[in-house]
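The values are calculated or read from the model by the stated rules, or taken from the named source; none is laboratory data. As the structure is a prediction and not an experimental result, all values here were calculated from the model. Cβ placement follows ideal geometry from the backbone for every residue including glycine, while neighbour counts extend to all protein chains displayed.
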Amino acid sequence: MLPVFRTSSVELRIWVTGMDAAGHPVNEVFNDIDSPLRVWSLEQRVPEYAFSKVEMDPKSDIHQGDYVEIATMVSNFGLADGEAQVIVNLVESSGARTQLDARTLAVQSGETVLYDYSWKPTRDGTMWLEINIVNGPSVQSSTVRVDEPRTEGVLGSIASVNSSLLVVVGLLSLSLVVLLVYGLRREVDPELPTPPSRTTPAVKKIESFDQQGPYGASAEVSSPGENPYQ
């Protein structure tokens with residue numbers, strides 16, 4: 001038998017013609033080429049594949065647009081070499097399926113080869129990957145949560161913080177501002193000393209009076225020609 005038949009489904013069929021030992025012809029009922037007397041199925045040499053556990057890098061903190069490396073080992077435990085037709089599907093929690101990759105791997109009997117794929121999520125949500133071989137086994141990755149795309153700069157740092165923590169910090173900040181405003185309104189300003197008022201100094205009014213002489217006479221000097229005793 002040619003070696004090519006070893007990987008095909010082959011049957012050994014037997015029928016008998018002629019005379020038996022007593023000289024009687026062999027009965028041809030269920031003993032011809034279309035209805036053989038006996039049928040044996042020969043062992044078919046076929047490839048038998050098996051997957052190892054699917055590894056993902058990174059395993060968590062995955063955002064839309066990130067690259068995730070997917071890897072698994074494909075082993076052939078069969079007695080024949082084969083070509084494994086590998087298909088990768090993305091399955092979302094809603095049930096939607098998207099084919100990501102399809103390729104053929106040549107795996108000889110007793111050999112193990114590496115299958116790797118770089119996956120870039122295009123949407124956020126809960127999802128996983130299914131890797132299967134046509135007419136063969138399949139394997140499923142762990143379920144991951146893909147978040148919204150990352151943002152750069154200060155906004156990216158704020159967005160990466162847990163939303164619940166941001167709410168708590170915001171409430172504390174608002175309470176502190178309200179407390180400061182309320183305290184400033186209740187605070188009494190210290191009294192400043194009142195500067196002395198500048199008043200116009202009292203001007204002593206000098207009453208005019210006639211200057212008296214030593215004897216009560218007028219201070220006016222009498223002319224030389226007048227008699228002061230008159």
| field | Number of the exception - residue 95 against (1) within 17 Å of residue 140 (Cβ to Cβ); (2) surrounded by 10 or more Cβ atoms within 10 Å (Cβ to Cβ) | value | (2)
| query | Which one of these does residue 96 not meet: (1) aliphatic (A, V, I, L, M); (2) closer than 30 Å to residue 11 by Cβ; (3) at pLDDT below 95? | reply | (2)
| Looking at (1) out of contact with any strand residue (DSSP E or B) (no Cβ under 6 Å at 6 or more places or on another chain); (2) modelled with pLDDT of 90 or more; (3) surrounded by 10 or more Cβ atoms within 10 Å (Cβ to Cβ), can you tell me which one residue 60 breaks? | (3)
| Residues satisfying the stated conditions in the range 92-149, i.e. within 19 Å of residue 71 (Cβ to Cβ), of a type in the set (Asp, Glu) and in a strand (DSSP E or B) | 101, 116, 130
| Taking the range 5-23 as the search range and keeping residues that are exposed (fewer than 14 other Cβ atoms within 10 Å of the Cβ) and of a type in the set (D, E, K, R), which one is farthest from residue 115 (Cα to Cα)? | 20
| query | Which of the residues belonging to the range 98-129 are under 18 Å from residue 141 (Cβ atoms) and among the polar types (S, T, N, Q)? | reply | 98, 99, 118, 122, 126
| When you go through 26, 46, 74, 68 one by one, which is the residue that is free of Cβ contacts under 8 Å to residues at least 24 places away in the same chain, surrounded by 12 or more Cβ atoms within 10 Å (Cβ to Cβ) and either at positive phi or among the β-branched types (Val, Ile, Thr) (or both)? | 26
| message | Pull out all pairs, ordered by first then second residue, where Cβ-Cβ is under 6 Å, the residues are six or more apart or on different chains, the first lies in the range 141-167 and is at pLDDT below 85, and the second is part of a helix (DSSP H, G or I). | response | 151/159
| request: Might you check whether a residue that is assigned to a loop (DSSP other than H, G, I, E, B) and under 30 Å from residue 79 (Cα atoms) occurs anywhere in the range 17-33? | output: no
| field | Some residue of the range 103-117 being more than 30 Å from residue 9 (Cβ to Cβ), not charged (D, E, K, R) and not assigned by TED's automatic domain parsing to the domain that holds residue 7 | value | yes
